[in-house]
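Engineer: Take a look at this one; I'll ask things after.
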Amino acid sequence: MKAKLLISSLLLGTAILAIAKVEDPVLMTINGKDVKLSEFEYLYHKNNQQQVEKETLEQYVDRFVLYKQKVADAEAAGIDTTAAFIKEFDGYQKDLAGPYMTDDTTYRWQFISEAYERMKKEIDIDHFMLPLGNNTQETLTNLGRMDSIRNCIINGEKWEDMVAKFSSDPSKSRNNGHYGFVSSCMFPYEFENQVYNTPIGQISEPFRTSFGIHMIRVNNVRDRNDVHAKHILKLFPKEGTEEQKAVCKAQIDSIYNLLKAGANFEELAKTESQDGSARRGGDLGWFGRGRMVQPFEDIAFELADGAISEPFETRYGYHIIKKVAHGLPTLEDARNTIETAISRDERTNLIKERRENDLKSRYSFMLNPELNTYLTNALTANGKYDSTFIAQSIKSSNLPLFTYGDKKSVELRSLAPLLDAKAPVANVEQAKAYLMGKINALAESKLMDYHAHELVKSNPEYRNLLNEYRDGMLLFEISNRRVWKAASKDSLGLEEYFVNNRAKYNWDEPHFKGIILSAKNDTVLNMVKADIAKFGTDTLTDALHNKYGSDIRMERMVVKKGENPYADYLAFHVGEKPDRKGYSEFMIIEGGVIDQPEELADVRGAVTSDYQDVLEQLWKKELAEKYPAKINKKILKKVK
């Protein structure tokens, strides 16, 4: 029985593997290269979205096969192996990979969600601060001092007395270390973390920010209740007189009377308010307690939703407030504030670190454990970090820096181009920190490049898009060689085709064929006329150009009536004299009106286009013979 179960399990496993293998089956094979169903469907649907008149599946298959045959011909010609192609394709690959790469969205959203959850609460805190110090030792000393102060407070010393004696916070003179209720996005992230992670009644451990060494005490927590308001402001002049303030007061009173009479608040704010919010109709957005000057804050919070305040005075001027709503802003309303806060503090670096760590984990990144010892010994032996150290210990070293991916390794010498020999490092430890920063930057670059290439294996959408660009580049170059440029360069073929098909290129109406000269004024034109008789016709245009330079312009053309205003005026004698800026006089210096084309040059554009069609058809026949397509009809029926 066990044997039967084992056999059944093995058969089931084999079946599952078989299903996985045909999940993206081969639809066709051209020149030994398989085309998967997913690639065909991707291009088929994309084509149908772009077409005004939808193609049938059969029509598109024919066109798709021809497209792949041309790509096969390009590959046979070695176009995909040229340095120019590889360089251009590599640039496209990096650009196209961007939206599919391990991006910051997931990590950023974690911080956004955290900030918004924190916004729902306001926390009453006291703050104590000491300076960072001028060097590492001073900073460590001040951290020890802060820890001693914390112990004193825990053991009974008054917070206020210790703040008065020792805190370096400039605001202590007015608040004695009491910040009141604060909320998310008001302080740097490391400070905010301590605010939200310290229990009520407790004092945080000493911690550092870029501004100093801190300690906070949490006094209370309450639900946040913000206000969304708009306002109109008439500013006081700086050091203004009572008379000037009276004028300002009269202006705000006049605005208030208009509002009472039914005027639109937002429109008045746009035209009358002297605050930066005027362009938004006076909209200040959402704000909490502690964000606005008094009595602005109290009035905004006391107003009913939708109510408009009477004019009132702050130290900035006279205001009128319209309260829109109260409560907590939606995530959509708060998101801009949160995003701005994230962009200004360490969360931006944390997002980058998380992305890098994700790539390092995914691709088995490993820093050489011998690297630290090597750098320490090399720096010590050299005596300092300088150009000699870079030349002798970096540029010439094949020591592996790190490994990643499928046994890929990067040597220490690869770091040399990234280093600045004059980087401000004072000792071995600082030099190692500088070098590790550069090594991390190199690692990130290598991992991102590797990830872009690995996407081809893991992301079908990206793979299909990349294939589309690659094939498109090959298609353009091979078509240029075999048809477009080939036709224009084949002078004998063009001439023969023109002679054999001359009747196709007869005109329905006469054309002017020749050269028209434009002169800056009649003086120049008369001089040109006098000179024309002196110059031979073979060198006429060169001679005139050399003598008159920018005083004249010459244009060779073959045009019918209505196609060129100068030919119309001079050759066909219709229309007004053209007004060409800077050139007021015109004349025909060569040619005239002819009934039919005299040579290939007269209809070269049309002949070249038709000859390209001939080359295209010959090429299609050749492609069908060289690269026959093998299509799996059963798989074709699965196209959705």
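Engineer: What are the residues in the range 547-587 that are within 49 Å of the chain's Cα centre (by Cα) and free of Cβ contacts under 8 Å to residues at least 40 places away in the same chain, if any?
Structural biologist: Matches in the range 547-587: G549, S550, D551, I552, R553, M554, G562, E563, P565, P578, D579, K581.
Engineer: Output the number of residues of the range 152-166 satisfying the condition of being within 22 Å of L132 (Cβ to Cβ) and either without any contact (Cβ under 8 Å) to a residue 40 or more places away in the chain or not assigned by TED's automatic domain parsing to the domain that holds H127 (or both).
Structural biologist: Selection size over the range 152-166: 6.
Engineer: Could you tell me whether K422 is surrounded by fewer than 14 Cβ atoms within 10 Å (Cβ to Cβ) and closer than 14 Å to F389 by Cα?
Structural biologist: Criteria met by K422.
Engineer: Still on this structure: Which of (1) of a type in the set (A, V, I, L, M); (2) assigned by TED's automatic domain parsing to the domain that holds I588; (3) touching a residue at least 12 places away in the same chain (Cβ under 8 Å); (4) in a helix (DSSP H, G or I) does L517 not meet, given it meets every other one?
Structural biologist: It is condition (4) that L517 fails.
Engineer: Turning to a different aspect of this structure: Here are N398, N427: which of them is touching a strand residue (DSSP E or B) at 6+ places or on another chain (Cβ under 7 Å), farther than 23 Å from D95 by Cα and exposed (fewer than 14 other Cβ atoms within 10 Å of the Cβ)?
Structural biologist: N398
Engineer: Pick from the range 85-104 the residues that are modelled with pLDDT of 90 or more and in contact with a helix residue (DSSP H, G or I) (Cβ under 9 Å, 6 or more places away or on another chain): which of them is farthest from D358 (Cα to Cα)?
Structural biologist: Among those residues, the one meeting the criterion is F85.
Engineer: Something else: Between a first residue in the range 232-253 that is closer than 18 Å to G281 by Cα and a second residue that is of a type in the set (A, V, I, L, M, F, W, C) and surrounded by 12 or more Cβ atoms within 10 Å (Cβ to Cβ), which pairs have beta carbons less than 7 Å apart while being 6 or more apart in sequence or on different chains?
Structural biologist: Here the result reads I232/I255; I232/L268; I232/A269; I232/I320; K234/C248; K234/I252; I252/I320, each pair linking the range 232-253 to a residue that is of a type in the set (A, V, I, L, M, F, W, C) and surrounded by 12 or more Cβ atoms within 10 Å (Cβ to Cβ).
Engineer: Is it true that some residue in the range 294-307 is assigned to a helix (DSSP H, G or I), among the small types (G, A, S) and farther than 30 Å from A441 by Cβ?
Structural biologist: For the range 294-307, residues assigned to a helix (DSSP H, G or I), among the small types (G, A, S) and farther than 30 Å from A441 by Cβ: present.
Engineer: For the subset of the range 504-517 comprising residues that are crowded, with 20+ Cβ neighbours inside 10 Å and touching a Leu at 6+ places or on another chain (Cβ under 9 Å), which member is nearest to D551 (Cα to Cα)?
Structural biologist: L517
Engineer: Could you grab the pairs with beta carbons closer than 7 Å, sequence gap of 6+ or different chains, first residue in the range 107-129 and in a helix (DSSP H, G or I), second one polar (S, T, N, Q) and at pLDDT 95 or above?
Structural biologist: Listed by first residue and then by second, the contacts come to nothing, as the list is empty.
Engineer: Pairs under 7 Å by beta carbon, first residue surrounded by 10 or more Cβ atoms within 10 Å (Cβ to Cβ) in the range 47-60, partner of a type in the set (K, R) and not in a helix (DSSP H, G or I), six or more apart or different chains?
Structural biologist: Close Cβ pairs (under 7 Å, with a partner that is of a type in the set (K, R) and not in a helix (DSSP H, G or I)) amount to N48/K54.
Engineer: So, in the range 49-79, how many residues would count as being assigned to a helix (DSSP H, G or I), of a type outside the set (A, V, I, L, M, F, W, C) and at pLDDT 95 or above?
Structural biologist: 6
Engineer: Another question about this same structure. Restricting to the range 478-505, give me the number of residues that are under 39 Å from the mean Cα position of the chain (by Cα) and without any contact (Cβ under 8 Å) to a residue 40 or more places away in the chain.
Structural biologist: Looking only at that region, the number is 2.
Engineer: If you check Y404 against the conditions, is it in contact with a strand residue (DSSP E or B) (Cβ under 7 Å, 6 or more places away or on another chain) and either more than 30 Å from W619 (Cα to Cα) or loosely packed, with under 15 Cβ neighbours inside 10 Å (or both)?
Structural biologist: In short, no.
The values are calculated or read from the model by the stated rules, or taken from the named source; none is laboratory data. Predicted, not measured: the structure shown is a model, and the values here were computed from it. We place every Cβ from the backbone using ideal geometry, glycine too, and count neighbours over all the protein chains shown.
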